[in-house]
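S.K.: Take a look at this one; I'll ask things after.
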Protein chains: 2
Amino acid sequence: MKLALLGCGTVGSEVVRLLHEQAADLTARVGEPLEIAGIAVRRPDRDRSDLPVSSDLFTTDAHALITRDDVDVVVEVIGGIEPARSWITTALRAGKDVVTANKALLAEDGAALYDAAGEGGADLYYEASVAGAIPLLRPLRESLHGDSVRLVMGIVNGTTNYILSRMSDTGSGFAESLQEAGDLGYAEADPTADVEGFDAAAKAAILASLAFHTRVTAADVYREGITDVTAADVASAAEMGCVVKLLCIASRDADGVSVRVHPAMIPVRHPLASVGGAYNAVFIQAEAAGELMFYGAGAGGTPTASAVLGDLVAVARRRRSGAAAHTTSAYADLPVRRMGDVVTRYHVSLDVDDEPGVLAAVASVFAAHRVSMRTVRQFGRGDEAVLVAVTHTATDAQLSATVDDLVELPSVRRVASVMRVEGET
Amino acid sequence: MKLALLGCGTVGSEVVRLLHEQAADLTARVGEPLEIAGIAVRRPDRDRSDLPVSSDLFTTDAHALITRDDVDVVVEVIGGIEPARSWITTALRAGKDVVTANKALLAEDGAALYDAAGEGGADLYYEASVAGAIPLLRPLRESLHGDSVRLVMGIVNGTTNYILSRMSDTGSGFAESLQEAGDLGYAEADPTADVEGFDAAAKAAILASLAFHTRVTAADVYREGITDVTAADVASAAEMGCVVKLLCIASRDADGVSVRVHPAMIPVRHPLASVGGAYNAVFIQAEAAGELMFYGAGAGGTPTASAVLGDLVAVARRRRSGAAAHTTSAYADLPVRRMGDVVTRYHVSLDVDDEPGVLAAVASVFAAHRVSMRTVRQFGRGDEAVLVAVTHTATDAQLSATVDDLVELPSVRRVASVMRVEGET
């Protein structure tokens, strides 16, 4: 069986290394050797002498490599939308199975890839695109087949989880923790994709599509990043027995699906609460299976390459068995609910005048929008006071309207923060 | 596609119910309906009118049902060795795929089942046999294909985890916590299989076989239950920042595999430490993927039925695709290491005379067997003292010899407990 490798960066090099080191095992598991037919790179002259492959294999002509008759499987690890989309589409249409780690492309245009796979009768595997090495997509796609997934809630971005874990452990603010993450290599020079939640939103779209067997794109995902999370939010969460995490949440009910990424407070007893540092974890509620959680390294060349190889073996065995490809998960066409209709609980922190009657005024605004308060804490700070309200469940629209009116109250100086509270029963 | 169901107890009834409730979804996922051809039961006259199937489907003649020409897949949920083994073997030899939840049979005689599957060209799936609904065996079997699993460490028995969690939360002893587990339905009238570790040992054999692609039977598994775990052990664990869990541990090194089930102290920061109540979780270390953990409900009719249905869909899709069966995981033949060679750390608690020189005498016994002590705590209790030693790594044989000699010391009244310490780096 011959494969074409597109890209030879951090992940690609690890794929090459693992294919070499695990050759005997892989041959036993597949039933025949997995051979690299060629490796498409932009700079063929770069020194890659540390890789256990012949330098003859490197080429800049990806298209020619993909369309070679003897290539059975294409492994794409270059990332980004183009040229990855054209190359993958060409491969799938030509009946070559594709293994990819490209979350951005899948989240933006997964449907086009699925269509190309259908045309060519080829398989499209992408375990490495979400939560690195954690075997997560295959269980969603296969193991929970006889079940109905109701909720997927995950920590799928290691950079933001590292930053929030540091803020929680040390009491420091966002900027300081981001700086530290950058110094340690957990955050990129331009951290926007991570801290603004774009990376997590792409993964949320992929997870929701698989969990609910429908099509969700990154544009369908409501998104808030963690740049506005303050040390005060983290401290207030701790006071109520919670931690702050950047969550991706995909849920399904009779009216459709909702998919969102935002910081949220979750109880310390929740299985996701103890996921620290740069680790990832995805918590699932299914009707029959109950609560499940998958935990592991979310990124890194070797874990990602491990996921690529798992897919590669699955594809190779399927090819060898003579079975037809079965890349067709998106048969439902469920509506994506507007964020305004999403129901959850909220932590609202207000800076108010320290005078009698403030609580009554605030409470009446909540009541006017039928948002019920579960707890209220009030504490003075000079002539100013801080009032923290935690609500019962309400829609996002109700809460937004409440906040709009709170701002207008003469005794409310500022709405310091609004954060969702998740993971409680 | 037609299936024969063997058994209609807690799990079987749930399988019937889910097949009915999820019929539309299952048909979409498989590509054709999954139809129940018959249900083999011991007492056909029992009232099963609450189940959504015709009473004509029930039969006492399992053999005739299995060998019917129109039956494609056999689902076995009766448990136990016989007649399950004969029926499964008959089905596999006849080329019918089998889905089973039977951990006892797989652990005792999995090899015979694999052989029968090979003869008949049939598939054998058994996700439901370990850790209930947690999709765990398929990731081990498929997702980590391009990787090398080094360690599998799991909490795979809900009854004992409930008991140990209660002992830890309340400070109560084993007997009291067992009583409470029984009252709440978490322990059976005869709890031997759970509290003595037999259930966990069967699951350990299945996990080790899959993780290391070799054959391990229940008889290969070193086993200790939790009946000797005392409130003092749990308290001493807490003092050193640990909790006590019944662990199944399967590890692989250059010399072979070792598989064991015993109570152990693990640090509270370990991902397995926070797995409470009757939940199950399995922690895996793989060379490329790094650390992974799978968490979920370990037992119960509905979760187990969910796992059965996941397997059923996988088998049905494979059949429909025309692909050959590929039940052949056990291609390696790795030696199982003797327990005496297993290396770990130990918590040793001694009742000693409260007099000078005791520590020196004890330390010299450890030193004589080249077991290095990491920490020692000593505290008086009347004329008696308690001495708690935690060692660096040593083999089981070294530690056993040390304990044998400690008992002979005049100043040592009793070796109160010896417990392994796991999960530290």
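S.K.: Note the angle between two axes, namely the Cα long axis of helix B:10-21 and the longest principal axis of the Cα atoms of chain B, as a number of degrees from 0 to 90, rounded to the nearest 10.
M.R.: Helix B:10-21 and the main axis of chain B meet at about 50 degrees.
S.K.: Between B:E384 and B:E119, with labels modelled 7 Å along Cα→Cβ, what's the label distance in nm to one decimal, could you check?
M.R.: 6.0
S.K.: Another one. Counting only protein heavy atoms and rolling a 1.4 Å probe, how much accessible area do A and B lose on contact, total for both sides, in Å² to 100?
M.R.: 4000
S.K.: DSSP loop GluC sites (Glu not before Pro) in segment A:164-252 with at most 15 other Cβ atoms within 10 Å of their Cβ, which ones?
M.R.: For GluC sites (Glu not before Pro) across segment A:164-252 that sit outside H, G, I, E and B with at most 15 neighbouring Cβ atoms in 10 Å, the list reads A:E188.
S.K.: Rg and Dmax of chain A, using alpha carbons, in Å: what are they?
M.R.: Rg, Dmax (Cα atoms, Å): 24.2, 81.
S.K.: Moving to a separate point now. Across every pair of different alpha-carbon atoms, what Kirkwood hydrodynamic radius in Å does segment A:335-384 reach?
M.R.: Answer for segment A:335-384: a Kirkwood hydrodynamic radius of 13.2 Å.
S.K.: Let me ask something else. What do you get for the angle between helix B:158-170 and the principal long axis of chain B? Use alpha-carbon atoms, 0 to 90 degrees, nearest ten.
M.R.: Tilt relative to chain B: about 40 degrees.
S.K.: If you don't mind, there's one more thing I want to ask. For segment A:208-334, what is the relative contact order in percent, using Cα pairs closer than 8 Å and at least 6 residues apart in sequence?
M.R.: Taking the mean separation of contacting Cα pairs over the length of segment A:208-334, I get 26 percent.
S.K.: Could I ask something else about it? At what distance in angstrom do the alpha carbon centres of segment A:244-269 and segment A:39-117 lie from each other?
M.R.: Each part reduced to its Cα centre gives a spacing of 34 Å.
S.K.: Between beta-carbons, use under 12 Å as the cut-off and find the net charge around A:A91, counting Lys and Arg +1, Asp and Glu -1.
M.R.: -1
S.K.: Next question. With a 1.4 Å probe and all protein chains kept in place, how do B:T217, B:T10, B:T170 rank by accessible area, largest first?
M.R.: The ordering from most to least exposed comes out as B:T10, B:T170, B:T217.
S.K.: Can you tell me the accessible area per residue over segment A:33-187, all protein chains present, probe 1.4 angstrom, in square angstrom?
M.R.: Accessible surface, normalised per residue, equals 38 Å².
S.K.: Where the only charges are on Cβ atoms (+1 Lys, Arg; -1 Asp, Glu), what is the dipole of segment A:41-166 about its Cα centre, to the nearest 20 debye?
M.R.: 560
S.K.: Continuing with this model, one more query. Carbon and sulfur together cover what percent of the accessible area of chain B at a 1.4 Å probe radius?
M.R.: 48
S.K.: Regarding segment B:223-263, what is the average projected area of its C-alpha convex hull, in nm²?
M.R.: 3.6
S.K.: Can you compute the charge dipole magnitude of segment B:285-398 about its Cα centre, using +1 on each Lys and Arg Cβ and -1 on each Asp and Glu Cβ, nothing else charged? Give it in debye, rounded to the nearest 20.
M.R.: Value, rounded to 20: 960 debye.
S.K.: Let me ask something additional. Which chymotrypsin sites (Phe, Trp or Tyr not before Pro) in segment A:331-396 pass both tests, a DSSP loop state and at most 16 other beta-carbon atoms within 10 Å?
M.R.: Answer in residue order: A:Y331.
S.K.: Could I ask something else about it? Mind checking which chain B residue has its Cβ closest to the axis relating B to A, and how many whole Å off it is?
M.R.: B:A323, 1
S.K.: Obtain the nm distance between the two label points defined at A:R150 and A:A368 by a simple spin-label model: each point lies 7 Å from its Cα along the Cα-to-C-beta direction.
M.R.: Each label point lies 7 Å from its Cα, and together they span 3.6 nm.
S.K.: Tell me, what ³J(HN,Hα) does each residue in segment A:397-410 have, in order and in whole Hz, if you take phi through Karplus 6.51 cos²θ - 1.76 cosθ + 1.60 with θ = phi - 60° and put x for Gly and Pro?
M.R.: Each residue of segment A:397-410 in turn: 5, 4, 5, 4, 5, 4, 4, 4, 6, 4, 4, 7, 5, x Hz.
S.K.: Here is a further query. What is the antiparallel percent of DSSP beta bridges lying wholly in the protein assembly as shown, to the nearest 5?
M.R.: Expressed as a percentage, antiparallel bridges in the protein assembly as shown total about 70.
S.K.: Under the convention of a label 7 Å out along Cα→Cβ, give the distances in nm from A:G277 to the same position in every other copy, shortest first.
M.R.: 2.9
S.K.: Restricting to segment B:315-425, compute how many DSSP beta bridges are antiparallel as a %, nearest 5.
M.R.: Here the antiparallel bridges make up roughly 100 percent for segment B:315-425.
S.K.: Quick one: how many Å² of B:T230 are accessible to a 1.4 Å probe, rounded to 10?
M.R.: 60
S.K.: Any idea which of B:H347, B:S364, B:A332 is furthest toward the positive side of the dipole for segment B:309-380, if Lys and Arg beta-carbons carry +1 and Asp and Glu beta-carbons -1?
M.R.: Comparing the listed Cα positions along the dipole, B:A332 ranks first.
S.K.: With all pairs of different alpha carbon atoms counted, what Kirkwood hydrodynamic radius in Å does segment B:58-144 show?
M.R.: Its Kirkwood hydrodynamic radius stands at 13.2 Å.
S.K.: Do you know which residues of segment B:115-155 lose at least 40 square angstrom of accessible area in the protein assembly compared with their chain on its own, with a 1.4 angstrom probe?
M.R.: With the partner chains in place, segment B:115-155 has these residues losing at least 40 Å²: B:P135, B:R138, B:E142, B:S143, B:H145, B:G146.
S.K.: Can you work out ³J(HN,Hα) from phi for every residue in segment A:102-109, in order, using Karplus 6.51 cos²θ - 1.76 cosθ + 1.60 and θ = phi - 60°, giving whole Hz and x for Gly and Pro?
M.R.: Each residue's phi maps through the Karplus curve to give 8, 5, 4, 5, 4, 6, 7, 9 Hz.
S.K.: Can you list the HN-Hα couplings for segment B:221-227, worked out from phi with the Karplus curve (6.51, -1.76, 1.60; θ = phi - 60°), rounded to whole Hz and with x for Gly and Pro?
M.R.: Along segment B:221-227, the couplings run 8, 5, 9, 9, x, 10, 5 Hz.
S.K.: Near the amide H of A:A324, under 5 Å away, which other amide H atoms are found, from residues 5 or more places off or on another chain, if H is placed in the peptide plane?
M.R.: Under 5 Å from the amide H of A:A324: B:A323.
S.K.: Considering only DSSP beta bridges with both partners in chain A, what is the antiparallel share in %, to the nearest 5?
M.R.: 70
S.K.: Loop by DSSP (not H, G, I, E, B), at most 15 other beta-carbon atoms within 10 Å: where is the longest site-free stretch of chain B for trypsin sites (Lys or Arg not before Pro)?
M.R.: Here the longest run is B:69-268.
S.K.: Here's another thing I want to ask about it. Compare the Cα positions of B:L151, B:G185, B:S236 along the charge dipole of segment B:136-286 (+1 at Cβ of Lys, Arg; -1 at Cβ of Asp, Glu; about the Cα centre) and return the one farthest towards the positive end.
M.R.: Value computed over the given set: B:L151.
S.K.: What's the magnitude of the charge dipole for chain B around its Cα centre, counting Lys and Arg as +1 and Asp and Glu as -1 at the beta-carbon? Answer in Debye, nearest 20.
M.R.: 940
S.K.: Every other copy gets compared here: list the nm distances from the B:T10 label point (7 Å along Cα to Cβ) to its counterparts, shortest first, one decimal.
M.R.: The answer, with the shortest distance listed first, is 4.6 nm.
S.K.: On alpha-carbon atoms, Rg over Rh for segment A:133-172 using Kirkwood Rh?
M.R.: My calculation puts Rg/Rh at 1.20.
S.K.: Moving on. Using only Cα atoms, tell me the angle between helix B:358-368 and the longest principal axis of chain B; keep it within 0 to 90° and round to the nearest 10.
M.R.: 60
S.K.: So what's the Cα pair-distance distribution over the protein assembly as shown, bin width 20 Å, in %?
M.R.: 14, 43, 34, 9, 0
S.K.: Kirkwood Rh, segment B:233-373, all Cα pairs: how many Å?
M.R.: 19.8
S.K.: Which of A:K103/B:K103; A:K103/A:K245; A:K245/B:K245; A:K96/A:K245 have a Cα-Cα distance over 31 Å?
M.R.: Beyond 31 Å: A:K103/B:K103; A:K96/A:K245.
The values are calculated or read from the model by the stated rules, or taken from the named source; none is laboratory data. This structure is a prediction, so every number in the text was calculated from the model and none was measured. Because the Cβ atoms are built from the backbone with ideal geometry, glycine has one as well, and the counts that use them run over all protein chains shown. Side chains included, ligands, DNA and RNA excluded: accessible areas come from the protein's heavy atoms. Shrake-Rupley method; radii C 1.70, N 1.55, O 1.52, S 1.80 Å.
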